[in-house]
Amino acid sequence: MSEQNDILFRSFKLGDLTLPNRIVMAPLTRSRSSQPGDVPNELNVEYYRQRAGAGLIIAEATQVSPQGKGYAFTPGIHSNAQVEGWRQITTAVHEAGGRIHLQLWHVGRISHSQLQPNGETPVAPSAIKPKGAQTFITAESGMIDISEPRALATDEIPAVVEQFRIGAENAKRAGFDGVEIHAANGYLIDQFLRSDSNQRTDEYGGSVENRLRFPMMVVDAVIGVWGAERTGIRVSPTGSFNDMRDADPVGTYGAFAKRLNEAGIAYIEVVEDSFQGNLEKGRPQQVIDAIRANFKGPYIGNGHYTADEARQRIEAGLCDLASFGRPFISNPDLPERFRRGAPLNEWDSNSFYGGDERGYTDYPALGSTSQS
Ligand code: 8OZ
């Protein structure tokens, strides 16, 4: 297929940004920041630089505060050292011709007191410990059960929103092109959204409107820093990872999409099918349709897409862009491989989380002399 006719390489205006292709690098936790301090480092610079051919890189989930941390070695965006570390990354990506957003993250109940400041108890909408949820607290700990969480008091919630606002400001100082709010995969915002994890009886729980209150406060705070054109969001309406479920995903996510549309947010990235677990088999078309009906802006589809499925779904209007996770781990030049129809390197899941350059920056790109 010639490049002109390949819809994956038709440029796309995403908010203020013009992307040269529709291939987005999904946010990927790799747990390789420097310690102490969860600081992005030279190795991380090289990893992102290698992947600058993506239409947009969404950098890995990054805690907005010490309280927002849930796993060893994930990077933060709450200290000056972290901002400086991220600035090296955004500079390298820009010099390589790319664009990069930061994913703003608070894990809520998916944490361990040993990862929390002063050994405190992790916070959540409700004091419900999800079944089977695990984390790791050191390189040696292996996977261990998360701690029992406590419910946030009503008057504590604005300070958590403020953590996101400060994270957004720090991301700006670090030179990102925009941010993505992490409202997926069972972390804090998702915990407020979905009915099973949110059993609150104050204005933050109960009705859909109430469950949307905290998520929308975060959206408004981040938009206040970046503007709607530079702010995106990720959701996982039927993801089961971290023991998540909702009594009415179509109702919850349809209403959320409507509010996000009113806020003018630049895009919604939807985890349609997750390798971490899904409540439905295949793509939840009813929920996707409800989101599409209520949110008029760009839609990034995610989850096990092949290049051809991405092309077909974009052609059919089911999504505007597609994000790729694991294929980007093992193929730094994924767009180029898609363009040429070249074979893909396989990923090694043993080196996803933690470690060194192996399984991180040592996946080969196509030889520069190979034929297109
Ligand atoms: C894998 C391991 C730890 C965290 C997510 C941020 O699922 C994550 C994550 C993934 O969104």
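Give me the one-decimal nm value for the distance between modelled label points at residue 357 and residue 262, 7 Å along each residue's Cα-to-Cβ direction.
Rounded to a tenth, the inter-label distance reads 5.2 nm.
When only the heavy atoms of the protein chains count and the probe is 1.4 Å, how do 226, 347 rank by accessible area, highest first? Intermediate values should be presented prior to the final figure.
Values: 226 30, 347 105 Å².
Largest accessible area first, the list is 347, 226.
Restrict the search to region 1-91; then list the trypsin sites (Lys or Arg not before Pro) that DSSP places in a loop and that have at most 15 other Cβ atoms within 10 Å of their Cβ. Provide the component values of the computation, followed by the final result.
Numbers: sites: 10, 13, 22, 30, 32, 49, 51, 69, 87; in loops: 10, 22, 30, 32, 51, 69.
Those that pass, being in a loop and sparsely packed, are 10.
Kindly write out, for region 269-274 in residue order, the coupling ³J(HN,Hα) from the Karplus curve 6.51 cos²θ - 1.76 cosθ + 1.60 (θ = phi - 60°), rounded to whole Hz, with x marking Gly and Pro.
My calculation for region 269-274 gives 9, 10, 6, 8, 7, 10 Hz in order.
Restricting to bridges with both residues inside the chain, how much of the DSSP beta-bridge set is antiparallel, in percent to the nearest 5?
Percent antiparallel among DSSP bridges in the chain is about 15.
What are the ³J(HN,Hα) values, in whole Hz, obtained from phi via the Karplus relation 6.51 cos²θ - 1.76 cosθ + 1.60 with θ = phi - 60°, for each residue of region 316-326 in sequence order, with x given for Gly and Pro?
Using θ = phi - 60°, the values come out as 7, x, 7, 8, 9, 9, 10, 10, 10, x, 4 Hz.
Eigenvalues of the Cα gyration tensor times 5, then square-rooted: what semi-axes does that give for the chain, in whole angstrom, largest first? The partial results should precede the final answer.
Working: eigenvalues 182, 118, 72 Å².
Working from the Cα gyration tensor, I get semi-axes of 30, 24, 19 Å.
Using a 1.4 angstrom probe and counting only protein chains, how large is the accessible area of residue 328 in Å², to 10?
Only protein atoms counted, so the area is about 0 Å².
Taking a probe of 1.4 angstrom, what is the accessible area of residue 220 in Å², to the nearest 10?
Ignoring ligands and nucleic acids, residue 220 comes out at about 90 Å².
Can you work out the FRET efficiency for the pair residue 141 and residue 275, with r the C-beta to C-beta distance and R0 = 22 Å, to the nearest 0.05?
The formula returns an efficiency of 0.45 here.
Taking 30 Å as R0, compute the FRET efficiency from the Cβ-Cβ separation of residue 127 and residue 94 and round it to 0.05.
Once rounded, the FRET efficiency stands at 0.10.
Using the basic label-point model (7 angstrom from Cα toward the beta carbon), what is the residue 250 to residue 5 distance in nanometres?
3.9 nm
For region 94-250, rounded, prolate or oblate, judged on the Cα gyration tensor with a ≥ b ≥ c (square roots of eigenvalues), a/c < 1.5 rounded, else prolate if a/b > b/c? Show your work: numbers first, answer last.
Numbers: a/c = 1.63, a/b = 1.23, b/c = 1.32.
Oblate, since a/c reaches 1.5 and b/c is not below a/b.
Would you work out the charge dipole size for the chain about its Cα centre, treating the Cβ of every Lys and Arg as +1 and the Cβ of every Asp and Glu as -1, and quote it to the nearest 20 debye?
Details: 37 positive and 46 negative charges, 94 e Å.
Dipole size: approximately 460 debye.
Relative to the present Cα-Cα distance, how much length would full extension add between residue 346 and residue 196 at 0.36 nm per residue of separation?
Details: separation 150, 0.36 × 150 = 54.00 nm, distance 3.64 nm.
Between residue 346 and residue 196, full extension yields 50.4 nm more.
For 349, 240, 197, give me the order by solvent-accessible area with a 1.4 Å probe, most accessible first, ignoring ligands, DNA and RNA.
Details: 349 70, 240 35, 197 0 Å².
Heavy-atom accessible area, descending, gives 349, 240, 197.
Identify the GluC sites (Glu not before Pro) of region 104-196 meeting these criteria: DSSP loop state and at most 12 other C-beta atoms within 10 Å of the C-beta. Could you put the intermediate results ahead of the total?
Values: sites: 120, 140, 156, 162, 169, 180; in loops: 120, 140.
Sites meeting the loop and neighbour criteria: 140.
To the nearest 500 deg cm²/dmol, what mean residue ellipticity at 222 nm is calculated for the chain from DSSP H runs of n ≥ 4 alone, each contributing -39,500 (n - 2.57), summed and divided by the residues?
Values: 11 runs with 112 residues, N = 372.
It lands at -9000 deg cm²/dmol.
How much solvent-accessible surface does residue 47 expose, in Å² to the nearest 10, with a 1.4 Å probe and all protein chains in place?
0 Å²
Could you work out which residue, out of 118, 331, 170, moves most in a Gaussian network model of the chain, that is, has the largest mean-square fluctuation with Cα springs under 10 Å?
Its mean-square fluctuation being the largest, the pick is 118.
Starting from the residue with the highest accessible area, list 164, 12 in decreasing order, probe 1.4 Å. Show your work: numbers first, answer last.
Values: 164 0, 12 35 Å².
Greatest to least solvent exposure: 12, 164.
Could you give the accessible area per residue of the chain, probe 1.4 Å, as a whole number in Å²? Don't jump to the answer; show the numbers that get you there.
On the way: 14080 Å² over 372 residues.
Per residue, the chain has an accessible area of 38 Å².
In whole percent, how big is the carbon plus sulfur part of the accessible area of the chain, probe 1.4 Å, protein atoms only? Can you show the working numbers first?
On the way: 6790 of 14080 Å².
Using a 1.4 Å probe with all protein chains present, the chain comes out at 48 percent carbon and sulfur.
Could you tell me which of the pairs 13/69; 13/281; 69/296; 13/258; 129/281 are separated by over 29 angstrom between their Cα atoms in the structure shown? Don't skip to the answer; put the middle values down first.
On the way: 13/69 33 Å; 13/281 32 Å; 69/296 33 Å; 13/258 21 Å; 129/281 25 Å.
The answer is 13/69; 13/281; 69/296.
Have a look at 75, 228, 57 and report the one farthest towards the positive end of the charge dipole of the chain, computed about the Cα centre with Cβ charges (Lys/Arg +1, Asp/Glu -1).
So the residue we want is 228.
The values are calculated or read from the model by the stated rules, or taken from the named source; none is laboratory data. Given the structure is predicted, the values throughout are model-derived calculations rather than measurements. Reconstructed Cβ throughout: ideal geometry from the backbone, glycine too, with neighbour counts over all protein chains shown. The area values use the complete protein model at the heavy-atom level, side chains included, leaving out ligands, DNA and RNA. Shrake-Rupley method; radii C 1.70, N 1.55, O 1.52, S 1.80 Å.
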